[in-house]
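Shown next, in structure tokens, is the structure this report addresses.
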Amino acid sequence: MSKSTHAPNAIASAIGVTVNTSVTSVFDGAYQQAKLHGTSRSLVSAMMALIPGLGASDDALTDDIKTELKKGYAVRWAEENPTRYFIAVDGNWVECKTEEEMMGHKKAQKFLLDVHTAFALHQQAFGALKNEEPQKHAIIKDVRDRFNKYASNRMGDLKRDAKRLYNERNGIQRERTGSALFMAWLMAPEKGGLAVIRQRCVNAVAKKDETADTAKIDKAIAAFKAALK
């Protein structure tokens, strides 16, 4: 993954972000929490100004925007997940504790792994690595999978917070789900609660789960529906 050309703390500096993680009391913690909340709102507001439609449209995060977001998330990920160092020993990749330890093995094959090097391989080359070096592929895949989940969660946070702020600014009240809507969800034929339970049972049976029994589930669901009438 290539690094962004933008300064990582450009927006943070613009809104004066300072986060104190040293909490001396419940009172101090409450103050820091409230301060962070205000900072977060300011940051989301700044992002809404940079990303057209953010908060108003579910499609605001275009592919180009997602790419830029991932570059920013990668910088933070790298701060929390430092570079790892590996050497080849008897055909296996062994992790070293430090770069110095890795470099001490002068004749050993080496590789460094961080979020940027994990995504340096194009998809085709990364796929080929699974057959060529399965252990190395698995090590890199773990980083790629964990970062993709991290980035997806952060994008979800951004969209949710922007939506909330947009609704506040425009006086849009969140609709509360009543019991009638709950029952509609529960009884929906495909994605309803009962349908999901039965499908999970079917999947479990297919996986040879001895605790799963579709006949019993069908009887239980029928009894449940009868009790609701």
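Just so you know, all these numbers are worked out from the coordinates, no wet-lab data involved. Computed from a prediction, not measured in an experiment: that's the story for all the values here. Glycine also receives a Cβ, built like all others from the backbone with ideal geometry; neighbour counts cover every protein chain displayed.
Summary of values
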{"item": "Distance (nanometres) between label positions extended 7 Å along Cα→Cβ at Glu80 and Lys229", "result": "5.2"}
{"item": "Where labels lie 7 Å past Cα in the beta-carbon direction, separation of Lys208 and Leu121 in nm", "result": "3.1"}
{"item": "Förster-model FRET efficiency, 41 Å R0, Ala88 and Thr67, C-beta, rounded to 0.05", "result": "0.80"}
{"item": "Square roots of five times the Cα gyration tensor eigenvalues for the range 179-228, Å", "result": "22, 13, 6"}
{"item": "Computed [θ] at 222 nm, deg cm²/dmol, the chain (DSSP H ≥ 4; -39,500 (n - 2.57); rounded to nearest 500)", "result": "-20000 deg cm²/dmol"}
{"item": "All Cα pairs of the chain, percent lying beyond 21 Å", "result": "73"}
{"item": "Cys96 long-range amide H proximity, modeled H, under 5 Å", "result": "Tyr85, Phe86, Ile87"}
{"item": "Longest DSSP-loop-exposure-free segment, GluC sites (Glu not before Pro), the chain, at most 16 other Cβ within 10 Å", "result": "1-174"}
{"item": "In order through the range 117-133: 3J(HN,Hα) via Karplus (6.51 cos²θ - 1.76 cosθ + 1.60), integer Hz, x for Gly, Pro", "result": "5, 4, 9, 5, 6, 5, 4, 5, 5, 5, x, 5, 4, 4, 8, 6, 9"}
{"item": "GNM top mover of Arg41, Arg169, Arg200 - the chain, alpha-carbon springs below 10 Å", "result": "Arg200"}
{"item": "Descending semi-axes in Å of the range 82-147, equivalent ellipsoid built from Cα gyration tensor", "result": "21, 14, 9"}
{"item": "Kirkwood hydrodynamic radius over Cα pairs of the range 14-132, then Stokes diffusion coefficient at 37 °C and 0.692 mPa s, in µm²/s", "result": "176"}
{"item": "Computed FRET value (nearest 0.05) for Arg41 with Phe182, which takes r as the C-beta separation and R₀ as 35 Å", "result": "0.65"}
{"item": "Label point distance in nm, Ser152-Ala56, each placed 7 Å from Cα along Cα→Cβ", "result": "2.9"}
{"item": "Exposure proxy order (Cβ contacts within 10 Å, fewest to most) of Ile51, Ile197", "result": "Ile197, Ile51"}
{"item": "Extension gain from Asp142 to Phe27, taking 0.36 nm per residue of separation minus the Cα-Cα distance", "result": "37.4 nm"}
{"item": "Rounded Å value of the spacing that divides the Cα centres of the range 30-47 and the range 64-142", "result": "34"}
{"item": "Over the range 109-229, volume per residue of the alpha carbon convex hull, in Å³", "result": "191"}
{"item": "Cβ-placed point charges (K, R +1; D, E -1), dipole of the chain about Cα centre in debye, nearest 20", "result": "680"}
{"item": "Sites matching chymotrypsin sites (Phe, Trp or Tyr not before Pro) across the range 158-229 that sit in DSSP coil, with at most 14 neighbouring C-beta atoms within 10 Å", "result": "none"}
